Amino acid sequence: MKYFYILFFCLTAFSQSKPLELKILSLTEIDSVSERTFSLGFSISNKTDKTIHFILNPEGLIPISGGSMRPNPYYKIYEKETSIDISNLFTGRKVSRTFKNEEDFKKYQDSLSEVVKNKTLEELVRENKASTIKNIQEMKPNETKEYSSTFRWDKNRYFKNDVMEYYIDEKESHFFELHINLMKEELLSKFSEEEQNEILKDKNFIKGWFTSNKVEINFRE
């Protein structure tokens, strides 16, 4: 019993020592005939009395299976207590582009491919570095920042992920959760040692995996 209390105390102390809190504030929806638009509000709070820094792009959400090295918030969907691993459940803000004919559409596709193909390795590394620098966040002691995101569901209920099949049951309760994985060395690996020292100078970088509260998401008819 004594060891149980020691373990409980250690776990409690660890959970209370988290320097950052990720919290979902609201999740609302607006319906149309063909799709449902969700509006998410969430916050990140510095729970310490010191200024902290971390690398995060809070603007775009990605599914939790969408790539472990991307510095974005991840979302996770549950049907009751069971997680659902669907990578293409939501879409972002739709941007439409019209073309006069198929030939114009083909030219547009080719132009995009050409831009990527013509970039040198040095250019890609330079863009990656610039993106990492841009995503360095600073939070003052006990500061809270609020963010919002909009995503859409086309009301499709059947999904297939490799050999796994999923059906979103309109009769069951579903829940939405956020995660952020704050990395440092992994995202700074493309910088030289001198560049890393300059980036880290006088900054209190934090790392770790942080999980939000769960809120219900409406997939009902």
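The values are calculated or read from the model by the stated rules, or taken from the named source; none is laboratory data. Values in this document were obtained by computation on a predicted structure and should not be read as measured data. With ideal geometry, Cβ positions are generated from the backbone for all residues, glycine too; neighbour counts draw on all protein chains shown.
When you look at GLU177, is it closer than 30 Å to SER43 by Cβ and not in a strand (DSSP E or B), yes or no? When the stated conditions are applied, GLU177 does not pass them.
What residue, among those in region 128-162 that are among the β-branched types (Val, Ile, Thr) and farther than 26 Å from LYS190 by Cβ, is nearest to the chain's Cα centre (by Cα)?
That would be THR150.
The residue of region 152-182 that is farthest from LEU89 (Cα to Cα), among those that are of a type in the set (A, V, I, L, M, F, W, C) and at pLDDT 95 or above, is LEU182.
Checked against (1) within 18 Å of TYR74 (Cβ to Cβ); (2) of a type in the set (A, V, I, L, M); (3) buried (at least 17 other Cβ atoms within 10 Å of the Cβ), VAL215 passes all but a single condition, namely (3).
Which members of region 168-191 meet the condition of being surrounded by 13 or more Cβ atoms within 10 Å (Cβ to Cβ) and among the hydroxyl-bearing types (Ser, Thr, Tyr)? SER173 - this is the single residue of region 168-191 that is surrounded by 13 or more Cβ atoms within 10 Å (Cβ to Cβ) and among the hydroxyl-bearing types (Ser, Thr, Tyr).
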